[in-house]
1. Find the residue count for region 48-72, including only residues that are loosely packed, with under 10 Cβ neighbours inside 10 Å, aliphatic (A, V, I, L, M) and assigned to a helix (DSSP H, G or I).
2. Give Leu118, Leu107 a once-over and let me know the one that is in contact with a Lys or Arg (Cβ under 8 Å, 6 or more places away or on another chain), surrounded by 17 or more Cβ atoms within 10 Å (Cβ to Cβ) and touching a residue at least 12 places away in the same chain (Cβ under 8 Å).
3. Please specify each residue of region 30-47 satisfying the condition of being part of a helix (DSSP H, G or I) and either among the basic types (Lys, Arg) or surrounded by fewer than 16 Cβ atoms within 10 Å (Cβ to Cβ) (or both).
4. Hey, among the residues in region 3-29 that are surrounded by 17 or more Cβ atoms within 10 Å (Cβ to Cβ) and assigned to a loop (DSSP other than H, G, I, E, B), which one's nearest to the chain's Cα centre (by Cα)?
5. Would you tally the residues in region 84-93 being surrounded by 12 or more Cβ atoms within 10 Å (Cβ to Cβ), part of a helix (DSSP H, G or I) and either among the small types (Gly, Ala, Ser) or at pLDDT below 95 (or both)?
6. Look through Arg49, Arg59, Arg29 and report the one residue that is among the basic types (Lys, Arg) and closer than 17 Å to Thr9 by Cβ.
7. Inside region 3-35, can you point out the residues that are of a type in the set (Lys, Arg) and in contact (Cβ under 8 Å) with a residue 24 or more places away in the chain?
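The values are calculated or read from the model by the stated rules, or taken from the named source; none is laboratory data. Since we're looking at a predicted model, the values are computed, not measured. Please note: Cβ atoms are built from the backbone with ideal geometry, for glycine as well, and neighbour counts cover all protein chains shown.
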Amino acid sequence: MLHANAVLTPRQRLRLAQLVVEENWPKTRAAEFFGVAWKTVDRWAERYRAEGKAGLADRSSRPHSSPAKTDPATTKRIVSLRLRKRWGAVRLAAETGVAPSTAGAVLRRCRISRLSRLERRERPAATR
């Protein structure tokens, strides 16, 4: 998806890559012409050479994997202790062997970081 401050649209990337790859423009001249850094010109030209027109499409910036993410077993243990014992992040961290910030992040991700969200709210009796 194109954002508001993007210098190069997909159509401009294609034109830029064609100038460099097919018409043999110097990268510095193309960078000057389009108002970008030569490194940007190099990136789009290499993608065009490797993948063709499809390589110039917008890509997601989301990582392919998250190797440091807390494993599901630890997450489950943190959540179950939170629900049963109502401990905070520091105590949960000491019990499960993770950093307090990790325990807090797990609680936030599971939306149980606030004790008030765990309490069951009883409806007041209707007064008539």
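1. Total meeting the criteria: 2.
2. Going through Leu118, Leu107 in turn, just one is in contact with a Lys or Arg (Cβ under 8 Å, 6 or more places away or on another chain), surrounded by 17 or more Cβ atoms within 10 Å (Cβ to Cβ) and touching a residue at least 12 places away in the same chain (Cβ under 8 Å): Leu107.
3. Glu32, Phe33, Trp38, Lys39, Asp42, Arg43, Glu46, Arg47
4. Once the filter is applied, the top-ranked residue is Leu8.
5. So the answer is 2.
6. Arg59
7. Listed by number, the list holds a single entry, Arg13.
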